[in-house]
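See below for the structure under consideration.
Each reported figure results from applying straightforward, stated rules to the coordinates on display, with no laboratory input. Model, not experiment: these values are computed from the prediction. Because the Cβ atoms are built from the backbone with ideal geometry, glycine has one as well, and the counts that use them run over all protein chains shown.
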Amino acid sequence: MARTGWITRASVTVAFSMALTPAVFALGPKVERAFFPVVEGAELLAPERLGPDYRFRLRFRKLRQCEFLGLSWFDGERRLTLEPERVDRSLPDGRTLPTGDRQVGPFRVRERDGLTGTRAFTLHRCHPLWVTITDFWRG
């Protein structure tokens with residue numbers, strides 16, 4: 001009889017764990033985005049107009065050591081083309097900055113007067129479960 005109780009408890013534990021798995025994958029990215037951002041405090045530095053384009057540098061604080069995957073900038077639903085004018089080759093993998101206060105750029109946005117009314121998101125790989133998205137800029 002004791003063996004039956006152990007099997008029942010194990011079955012309940014397995015069933016409960018399987019039932020929670022979808023919730024972890026649905027809520028995990030939202031909780032991480034809200035409470036554990038990778039970067040914060042983004043500021044535009046040295047913005048300038050270059051013909052139809054806009055050029056600037058960025059300053060921010062990196063809070064977590066995660067692999068940088070990308071930066072997406074939007075004007076409403078339209079994604080803006082953001083081009084780095086220089087890539088920092090001094091980093092070990094060329095893409096991931098250590099934590100702390102950082103400055104990157106210059107970047108160029110095509111056919112744009114400025115970044116007022118735009119928003120940006122960074123994408124990082126902090127662990128193998130999902131891509132971490134951080135609200136980076138609201139202009």
Ordered by residue, what ³J(HN,Hα) values in Hz, to whole numbers, does region 105-121 give under the Karplus form 6.51 cos²θ - 1.76 cosθ + 1.60, where θ = phi - 60° and Gly and Pro are x? x, x, 10, 10, 10, 6, 6, 8, 6, x, 10, 4, x, 9, 9, 9, 10
Any residue on another chain or 5+ positions along whose placed amide H is under 5 Å from the amide H of LEU97 is listed here as PHE68
Distance (nanometres) between label positions extended 7 Å along Cα→Cβ at ARG55 and SER72: 2.8
Nearest 20 debye, what's the magnitude of the dipole of region 11-84 about its Cα centre given +1 on Lys and Arg Cβ and -1 on Asp and Glu Cβ? 140
